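**Student:** What follows is a single structure, and I will ask about it in a moment.
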């Protein structure tokens, strides 16, 4: 998991969200903006956040943020300028020297020479501007992501006068909210203050737990917390499960297929008009294995004929049912839908219009790409495996 680009992108977002929360808690009367002028900005500060957990430090890793901060600084010299984050092998506070800044600007302008004439954007501040910027700039790469997350959760507990477990839940709510704030709004509307966080606690329609939460609490305590906070599975509703390949990285595909089959048998009444939806982001051979595993055990599925290009209308059809003499459902043409994550993303708008698709969403072992989906109860756990899912749903 820690070798893929998605992992590091997610880690970077979490680092930025944590820093945003620190700014909010330390300045409760201020409104801050995300991804507007800089990663984090307000009337009093401009903050660039960089989290590089892979590789070693080199000047090129801070060149772009330094140039961006410098250009923003020249527009308003009254705001604090901060470059914060973590770079492997550079875990300390550091002052930027005039020589290093000159090299960064020279490198930037050299790169402009290689661009087409219309796209060239040279940067030539004066020596006095450079010295003033250095005096205003604060660089702090002293906190790694795990330490930062622990600090934020501790601060949440203090601010809201709650214990660490509940503070972890609040942290999940806050980070999910900040993610949605960026994805669903234009730049000028990506603003948040302390009072907004208090309102989020009342609404709490979705929870997103990261690997950091499990590291801080320990696996057993983390599972208990997830089980306590997870939306209760209701077989009388339509539920969707989005599952990534990380959940069986320590096991194999047969264990995943068996776990899903046992889950259906335990938690879903087969002869019902309510649909259980599985979306799998796994290799195609493994995906075919899961479908065959279901069919070999006479579990009827609807995959929208993905093998022929996928038909949304067929996928969205309600099952044909046979009503018995007692007005009960004796037979249903299918009780499970199953498609790949690639198919879901490619047909998202059409699929989400299916009235019998989703009352509650569970996302396990997968990044939360679902921010653009209309608001529904949602529970996301990024770092999870088959054994943990088995415990969450008491699958035997």
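**Student:** Output the qualifying pairs, or none if there are none: Cβ atoms under 8 angstrom, residues six or more apart or on different chains, first residue in the range 182-209 and on the phi > 0 side of the Ramachandran plot and touching a residue at least 12 places away in the same chain (Cβ under 8 Å), second residue surrounded by 13 or more Cβ atoms within 10 Å (Cβ to Cβ) and assigned to a helix (DSSP H, G or I).
**Tutor:** As it stands, the answer is 204/173, since those pairs meet every condition given.
**Student:** Right, another one. Please specify each residue of the range 7-40 satisfying the condition of being closer than 19 Å to residue 69 by Cα and in a loop (DSSP other than H, G, I, E, B).
**Tutor:** Across the range 7-40, the qualifying residues are 35, 36, 37, 38, 39.
**Student:** Only one of 182, 216, 201 is under 23 Å from residue 22 (Cα atoms) and at pLDDT below 85. Can you tell me which? Can you show your working first?
**Tutor:** Values: 182 fails: at pLDDT below 85; 216 fails: at pLDDT below 85.
Of the residues listed, the single one that is under 23 Å from residue 22 (Cα atoms) and at pLDDT below 85 is 201.
**Student:** Still on this model: Select, from 98, 64, the only residue that is surrounded by 11 or more Cβ atoms within 10 Å (Cβ to Cβ), over 35 Å from the mean Cα position of the chain (by Cα) and modelled with pLDDT of 85 or more. Please lay out each step first, then the result.
**Tutor:** Working: 64 fails: over 35 Å from the mean Cα position of the chain (by Cα).
Among 98, 64, only 98 is surrounded by 11 or more Cβ atoms within 10 Å (Cβ to Cβ), over 35 Å from the mean Cα position of the chain (by Cα) and modelled with pLDDT of 85 or more.
**Student:** Just the residues that are in contact (Cβ under 8 Å) with a residue 12 or more places away in the chain, assigned to a helix (DSSP H, G or I) and surrounded by fewer than 18 Cβ atoms within 10 Å (Cβ to Cβ), please, taken from the range 217-243.
**Tutor:** Result: 219, 221, 227, 229.
**Student:** If only one of 300, 257 is modelled with pLDDT of 85 or more, crowded, with 16+ Cβ neighbours inside 10 Å and more than 20 Å from residue 382 (Cβ to Cβ), which one is it?
**Tutor:** Step by step, each of 300, 257 is checked, and only 257 is modelled with pLDDT of 85 or more, crowded, with 16+ Cβ neighbours inside 10 Å and more than 20 Å from residue 382 (Cβ to Cβ).
**Student:** Scan the range 71-88 and give yes if some residue there is assigned to a loop (DSSP other than H, G, I, E, B), surrounded by 18 or more Cβ atoms within 10 Å (Cβ to Cβ) and in contact (Cβ under 8 Å) with a residue 12 or more places away in the chain, otherwise no.
**Tutor:** There is at least one residue in the range 71-88 that is assigned to a loop (DSSP other than H, G, I, E, B), surrounded by 18 or more Cβ atoms within 10 Å (Cβ to Cβ) and in contact (Cβ under 8 Å) with a residue 12 or more places away in the chain.
**Student:** Has the range 138-157 got at least one residue that is part of a loop (DSSP other than H, G, I, E, B), more than 25 Å from residue 73 (Cα to Cα), in contact with a strand residue (DSSP E or B) (Cβ under 8 Å, 6 or more places away or on another chain) and modelled with pLDDT under 90?
**Tutor:** Scanning the range 138-157, I find at least one residue that is part of a loop (DSSP other than H, G, I, E, B), more than 25 Å from residue 73 (Cα to Cα), in contact with a strand residue (DSSP E or B) (Cβ under 8 Å, 6 or more places away or on another chain) and modelled with pLDDT under 90, so the answer is yes.
**Student:** Mind listing whichever residues of the range 150-173 are touching a residue at least 40 places away in the same chain (Cβ under 8 Å), within 20 Å of residue 380 (Cβ to Cβ) and either exposed (fewer than 15 other Cβ atoms within 10 Å of the Cβ) or in contact with a helix residue (DSSP H, G or I) (Cβ under 6 Å, 6 or more places away or on another chain) (or both)?
**Tutor:** Across the range 150-173, the qualifying residues are 152, 153, 156, 165, 168, 169, 171.
**Student:** For the range 174-204, which residues satisfy the criterion of being surrounded by 15 or more Cβ atoms within 10 Å (Cβ to Cβ) and assigned to a loop (DSSP other than H, G, I, E, B)?
**Tutor:** 190, 193, 204
The values are calculated or read from the model by the stated rules, or taken from the named source; none is laboratory data. This one's a predicted model, so the numbers in the text were calculated from it and none came from an experiment. Glycine also receives a Cβ, built like all others from the backbone with ideal geometry; neighbour counts cover every protein chain displayed.
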